[in-house]
């Protein structure tokens, strides 16, 4: 009897903890497992691309240039799907080119996550 | 006497990658030299005076000179240049005769997009940074003379015909600000409300620039003083992305991103208005993605034909200057970024946008054909010819180095380490209209 109560309490605790963890994680429309699936070496390449090549238009500090600023505040309220689609397919009528072919959907989603977190 | 650059110190500084500590160390050493300078000057003057009085002119004058420059020899700046290190907010001062690096100057802010112009004495470089920073550097002493942050986001600048005004083109807030070249005090503010690109100087104390979103070209004429007379040309084409004034100062040419072709403005006859160049060019053809906006300033010489990058097509266009007729469409490796004429206008060198930016092509102006294709390394961002074009310096961002090539043989002459180098600017630009 005592063991079963202890077990129930423990499972409740776990449930509470998992809810806490879930709510503290940033809201993502992509599965967190996608992030895990990008190899660390590729992550470094993507970060470099973000800093250097996205940086040609958006600034290396992402405060904008010919392209708009991409700081977390600028992206707030814009859904992930829109941002991922912008990266992959560009934006017609602007200088934003489509990166599909150079980036996978998962990689674009990972970049959006990085931008939202405001990586240095 | 601050004209003496202590090469030993500078080299020492360069050996280490840019770090705060090194910068401090370097500045301290320079401050020390700077503090000595007036004393050395006084010594020279006393020496010369003493000599005139005593009559033994030659001997003592020589002695005085030796005193002045025993530690730091006098030198000119005609073979110097500045290289932007875009990720670390620093620049290198380089020597094109000895293919060496003399010093690194730090503390220039965000240089992710940066360019510069030179004072007409070729001693000072005015660096325009992404963060709106305008930094005046003394390239002889390798020190920042003055630095201001004049806007939130800038793209480039120009120096006036008389060398007294520095104009900066801004994205945020959009417009052009003009400063006194000596003091960097603001002289004029020309708000446009939109991003300004393609700012260049033109004869008659004029600055010419394009407005990206509103598709306009403006001329700001400072010949009457500090208040400019503005002439505006609307409907010049959609989204001009860059512009240039040719070496003879007659034409301003703007490249268009939002539509086909270019726009020219005859600065001898501005009343004739801006006119489209090759509006039919590339019409109906599938546009390819542009992963890096091309630049136009490469072809600032008075050579004919002129060569410009196509936008969204992997071609370089050869155009007859003045009549603006297409002479050739030259197929190239990828989206051209810089299309730069060798000073004698016999060769045109081209680099390309990401992800094909490991390649350089050479076009022979005589045959209008690509005669060489080679891969100097990863991320070729810029090329700069020595004043008379026997060599070309190539910045390789992802290799952290600058390579120097013989333009006749394509043999690599040397290589210099640099932190994420981008723009290379040699001092002979000081005396070129439009640069």
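Quick note: the coordinates plus some simple rules give every number you see, no bench work behind them. All figures in this text were calculated on a predicted structure; none of them were measured in a lab. A quick note on method: Cβ atoms are made from the backbone with ideal geometry, for glycine too, and the neighbour counts reach across all protein chains shown.
Things worth noting here:
- Estimated Rh, the range B:325-435: Kirkwood, alpha-carbon pairs, angstrom: 14.3
- Modelled spin-label separation between residue B:147 and residue B:329, with each label point placed 7 Å from Cα along the Cα-to-Cβ direction: 4.7 nm.
- When peptides A:46-58, B:222-234 are ranked by their average number of other Cβ atoms within 10 Å per residue, the highest-first order is A:46-58, B:222-234.
- Between residue B:432 and residue B:288, the C-beta separation translates, for a Förster distance of 30 Å, into a calculated FRET efficiency of about 0.40.
- Each principal axis of the Cα cloud of the range A:29-117 was evaluated for its coordinate range; sorted largest first, these ranges are 33, 26, 24 Å.
- Residue order for A:96, B:99, A:60, fewest other beta carbons within 10 angstrom first, comes to B:99, A:96, A:60.
- The mean number of partner chain beta-carbon atoms within 10 angstrom of a residue's beta-carbon across peptide A:65-76 is 2.
- Per-residue mean of C-beta atoms belonging to partner chains within 10 Å, peptide A:93-99: 5
- Measuring between their Cα centroids, the range B:397-435 and the range B:294-356 lie 19 Å from each other.
- In this calculation the C-beta distance from residue B:268 to residue A:39 is compared with R0 = 60 Å, giving a FRET efficiency of 0.50.
- Exposure proxy order (Cβ contacts within 10 Å, fewest to most) of A:92, B:77, B:263, B:183: A:92, B:183, B:77, B:263
- Residue exposure sequence - B:412, B:104 - by fewest surrounding Cβ within 10 Å: B:412, B:104
- Per-residue mean of foreign Cβ neighbours for B:251-260 is 1 (Cβ atoms of other chains, 10 Å radius).
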